[in-house]
1. Express the carbon and sulfur contribution to the solvent-accessible surface of the stretch 245-383 as a percent, rounded to the nearest whole number, probe 1.4 angstrom.
2. Checking the a/c ratio against 1.5 first, then a/b against b/c, what shape does the Cα gyration tensor give for the chain?
3. Do you know the relative contact order of the stretch 247-294, to the nearest whole percent, from alpha carbon pairs under 8 angstrom that are 6+ apart?
4. Over the chain, what is the percentage of antiparallel beta bridges among all DSSP beta bridges, to the nearest 5?
5. Which residue, chosen from Leu49, Pro2, Leu92, occupies the Cα position most advanced towards the positive end of the dipole of the chain, where the dipole is computed from +1 (Lys, Arg) and -1 (Asp, Glu) charges on Cβ about the Cα centre?
6. With +1 on each Lys and Arg Cβ and -1 on each Asp and Glu Cβ, how big is the dipole of the stretch 77-144 about its Cα centre, in debye rounded to the nearest 20?
7. Mind giving me the nanometre distance, one decimal, between the label points for Glu261 and Leu330, set 7 Å out from Cα along Cα→Cβ?
8. Once you compute Rg and the Kirkwood Rh from C-alpha atoms, what is the Rg to Rh ratio for the stretch 229-346?
Amino acid sequence: MPTYDLVITDARLRGRAQPCSIGIADGTISAIADAALEGTAVIDAGGQLVTPSFVDAHLHLDKVYTFARIGDAALREYADAGMGGAMTSIELASQVKADYTEDAIVGNARRAVLDGLRHGVTHVQAFADVDTAAGLEGVKALLRLRAEVADVVRLDVVAFPQDGLLRDPGAEDLVRQAMDLGADVVGGIPWIEHDDEAARQHVDRMCGLAAERGTRVAMLVDDAGDPGLRTTGMLARAAIEHGLHGRVVACHARAIGSYPEPAFRRLLGLAREAGMGFVSDPHTGPLNLRPYDVRAAGLAVALGQDDIEDAYYPFGRHSLLEVAFLAAHLLGAPTLERMDALLDMVTTDAARVLGVEDHTVAVRSVADLVVLDGGTTQEVLTRHAPPRHVISRGRPVAQSAPQQSRLHQ
Ligand SMILES: [Zn+2]
């Protein structure tokens, strides 16, 4: 019998009745068996659920832990019921860039990534503002951190022109420079431009840049309370025209949740043609893109952490189970079927959104796994506790004790 580098025993897998053993060799899942396996190292899962590790498809990693510097003003504008002040909140939040230096950003971002790792997050699509106020400090900081954590966490750095392209002359050139420095993904935020024509140019230029460089695209689209916003469709259309099928992600897209039904369905058709993925963040804003319906239409939908203690959201532990738990409440009846969907949205489906292949518990997949605290999806979401074990590329990288209380005698 072969000896594996690591064996996880008594593991419960979704969709498999009996607990099993998982054999890992050279960072890859090599066996899943009912019988016991031999391992150099052994983790006893104790009948708890084992799933692929968590994938955070959308995080403003350059702005984490800045809430105390901005206070309530931006939050009030962004999260008011109609989201009419979303643009104002972005302007208020930009105060943080007054002392936006590479060193300060790296320190905060590192803390957030390590907090994520403790919560089982091994992949992050990390946005760095690139604009004439921020310059390239955020991108440089996140690229430095990307190299530092490369053995355990995959950071995809997005060059994100937060203040627009046409509204902020000079930003486009900075995005190009950010890609030259090694950023992974071309960003965008077309809805913030002054009219639809400018938004269309914004989308077209950034998709053109991605096609030229052979990269992916991730944009913040339709992130305000205006059902007339149409930049999600513009992004899908541009993806088709620039040959970016399957390489484009639409984040937020909150306005499409209030589209008339025919417009919503037309958009889904176009998104399917473009192979576009979606990221929703129900806990950071009052409007949402109807994640369950988008998913039911066959499109990949992820949930993202979005913000951690910044101008837009005062909480966040970089726990995607917490994000899924909050979404379960915010998106309507938390049925068992929906709980399963939510767990997919922070693991397998989130990986599909980012173009990460084979992020599954299956033989030949990369061994990025979590041993969760709970034996069923319902238990896991109820507790939304840090995983008992986090395994990145076959190596145990974090461990948490099950939560217990003891009375004093
Ligand atoms: Zn966001």
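1. Details: 2610 of 4920 Å².
Solvent-exposed carbon and sulfur of the stretch 245-383 make up 53 percent of the total.
2. Note, shape of the chain comes out prolate.
3. Working: 50 pairs, mean separation 26.5, N = 48.
Averaging sequence separation for qualifying contacts and normalising by length gives 55 percent for the stretch 247-294.
4. Numbers: 22 of 58 bridges.
Antiparallel bridges: around 40 percent, rounded to the nearest 5.
5. Pro2
6. On the way: 6 positive and 10 negative charges, 87 e Å.
Charge dipole, the stretch 77-144, about its Cα centre: 420 debye, nearest 20.
7. Between Glu261 and Leu330, the simple spin-label model gives 2.6 nm.
8. Numbers: Rg = 14.2 Å, Rh = 14.7 Å.
Rg/Rh for the stretch 229-346 comes to 0.97.
The values are calculated or read from the model by the stated rules, or taken from the named source; none is laboratory data. All values reported here derive from a predicted model rather than from experimental measurement. Positions of Cβ are backbone-derived with ideal geometry, glycine not excepted, and every protein chain shown enters the neighbour counts. Note: areas computed on protein heavy atoms with side chains; ligands, DNA, RNA excluded. Shrake-Rupley method; radii C 1.70, N 1.55, O 1.52, S 1.80 Å.
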